[in-house]
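Written out below as structure tokens is the structure these notes cover.
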Amino acid sequence: MYKCQILMYGNINIKKGYYKGIKIYSYGNSVTYYVDTNSVYTEEFDEGDNVLSPVSFTPSKSGWSFSGWRKDNEPEESGLSNLLMEDDAITLYAVFTQTVTVSYDGNGNTDGSVSQQTGTRYYNNGTTASPTFVIAENSFIKDGYLFYRWALNSVDGTQFKSGAKITFDSVTTATFYANWVQSTANVYNYTGDIQLFTVPCDGIYQFEVWGAKGGSSYLGVNGGLGGYAVGNAQLNKGTNLYVVVGGQGLTPYATYDNDGDVIEILNTSGGYNGGGSGTDECGTGGGATHIGTFESTLAAHGTTSGLYIVAGGGGAGFSSGGYNIGSDASNGGCGGGEEGGRGYYGWGISNGYNESQIGGGGGTQSCGGECYIWDDSENTSILYENSDTYLPSFGQGGGNNQVVGLGQGGGGGLYGGGFATGPIGAGGGSGYIGGVSDGSMESGIRDGDGYATITLLSVS
């Protein structure tokens, strides 16, 4: 491009000259290029020249790609594909770009895939505009697990829900790792201790609990079966729950002399978590199974505060020598339900049931079951009304007092079953679903020790 010498009129720089309306001279039609805040260039062009391709420099920025020029310093697409020199000076600003890539890792997935996402970051003279991504819906599958959240850049990274928006202001690559939570049941067997479950994620969980069976007597009469309860609860990640699984009621055992004769029948304590104790040759009550936010047995806690669910334990079978009980006798009251089962009259199994001869009552939603003792003089059972520590209460089955005589323990539950003496069974403990939704209860389901499961149904 040919340039004339600068024309001056006195001290005035003449930019353009005309003769009869025709431009015959032009000088100083300049373009100022801002490559960056501290990188500025100027070039001059004849009118009509394309100014988007300077000849004295190549626009560049480390780590970025040159995208084009704008007439302002907004960090957006360049927008200019052609710009011709006219009479006035021009100022242009360089636009640079970076590609930002977001990937998704299944973190042990067994199937499925999630596509990458890409976006563009713009830079224009000290101002940056970064892309915003909508985090993808999960399409990965992992057998036995439910998808919970996306974790950024590591499996332990900050977690995000699908559909959340995120802007990356500096990095050019990012990876989201699928976070999974077990969807198979967490199983809790009887251990004789309190067991901890820490909620792994926000979601709806299903609780299933089974109470323990009542103990058999020395004569082999079975205790009542434990109850069952099920229900759901919305839980928050990090919440600690405590699972207390009831222990089966015990059968007393004996010591023998060298001839095999009984020396002594030893007393036994009730099943763990509220089973009532028995004396001499009598069985003990089965323990309840419960889930709550408190770290104790039901009886020690003493209230429904923090309590989700309870399955009652069965009452113990009777023992009184010489009665015709039959080989399949089971006269302890069953545990579970709104009210635990009443104990049965031992003779009634083979000789007909007599309504006046009833066993210990089942626990209810508000009180322990009635205790019945045998009156030899009347050959029938009578209500035991003394107030003492052996009566059933919240979380505790009735336990026999040796002052009363031989007796079997009631089952544990929300409220325990009543104890009994003589040829009558003890009552079962009641269940509870007041802390769950969609709950239901059944009585007489579980044989042996109690049991519990916690299963994640859905995440939130």
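What to note about this one:
- Test: residue in the stretch 47-64 that is among the small types (Gly, Ala, Ser), closer than 20 Å to Ala129 by Cβ and not in a loop (DSSP other than H, G, I, E, B): no
- Condition met for Leu266 (modelled with pLDDT of 90 or more and either more than 20 Å from Ser430 (Cβ to Cβ) or among the aliphatic types (A, V, I, L, M) (or both)): no
- Strands (runs of 3 or more DSSP E) completely within the stretch 161-206 that count 1 or more residues being closer than 21 Å to Gly238 by Cβ: 173-182, 186-189, 194-198
- Residue check: Ser356 meets all listed conditions (1) at pLDDT below 70; (2) open to solvent by less than 10 Å² (accessible area, probe 1.4 Å) but one, namely (2).
- All conditions in (1) open to solvent by less than 50 Å² (accessible area, probe 1.4 Å); (2) more than 30 Å from Asn38 (Cβ to Cβ); (3) polar (S, T, N, Q) hold for Thr97, with the sole exception of (2).
- Yes/no for Asn107 being on the phi > 0 side of the Ramachandran plot, touching a Phe, Trp or Tyr at 6+ places or on another chain (Cβ under 9 Å), touching a residue at least 24 places away in the same chain (Cβ under 8 Å) and open to solvent by less than 30 Å² (accessible area, probe 1.4 Å): no
- Matching residues in the stretch 32-55 - criterion: being farther than 30 Å from Ile22 by Cβ and either touching a Gly at 6+ places or on another chain (Cβ under 8 Å) or surrounded by fewer than 12 Cβ atoms within 10 Å (Cβ to Cβ) (or both): Asp36, Thr37, Asn38
- Test for Gly274: is it at pLDDT below 95, in contact with a Gly (Cβ under 7 Å, 6 or more places away or on another chain) and in a loop (DSSP other than H, G, I, E, B): no
- Count - residues of the stretch 394-407 that are modelled with pLDDT under 95, outside any loop (DSSP other than H, G, I, E, B) and open to solvent by 20 Å² or more (accessible area, probe 1.4 Å): 0
- Looking only at residues in the stretch 408-460 that are among the β-branched types (Val, Ile, Thr) and in a loop (DSSP other than H, G, I, E, B), the one that is most open to solvent (accessible area, probe 1.4 Å) is Ile433.
- Residue-level analysis places Tyr390 among those that are open to solvent by 10 Å² or more (accessible area, probe 1.4 Å) and either part of a loop (DSSP other than H, G, I, E, B) or under 27 Å from Leu307 (Cβ atoms) (or both).
- Filtering the stretch 220-232 to residues that are open to solvent by 10 Å² or more (accessible area, probe 1.4 Å) and in a strand (DSSP E or B) leaves Asn222, Tyr228, Val230, Asn232.
- Count of the stretch 365-383 residues, restricted to those that are modelled with pLDDT of 85 or more and crowded, with 18+ Cβ neighbours inside 10 Å, is 5.
- Glu338 vs. criteria out of contact with any helix residue (DSSP H, G or I) (no Cβ under 8 Å at 6 or more places or on another chain), open to solvent by 80 Å² or more (accessible area, probe 1.4 Å) and either modelled with pLDDT of 95 or more or small (Gly, Ala, Ser) (or both): yes
The values are calculated or read from the model by the stated rules, or taken from the named source; none is laboratory data. Since the model is a prediction, treat every value here as computed from it, not as a measurement. Please note: Cβ atoms are built from the backbone with ideal geometry, for glycine as well, and neighbour counts cover all protein chains shown. Each accessible area value is taken on the protein alone, full model and side chains, heavy atoms only, with ligands, DNA and RNA left out. Shrake-Rupley method; radii C 1.70, N 1.55, O 1.52, S 1.80 Å.
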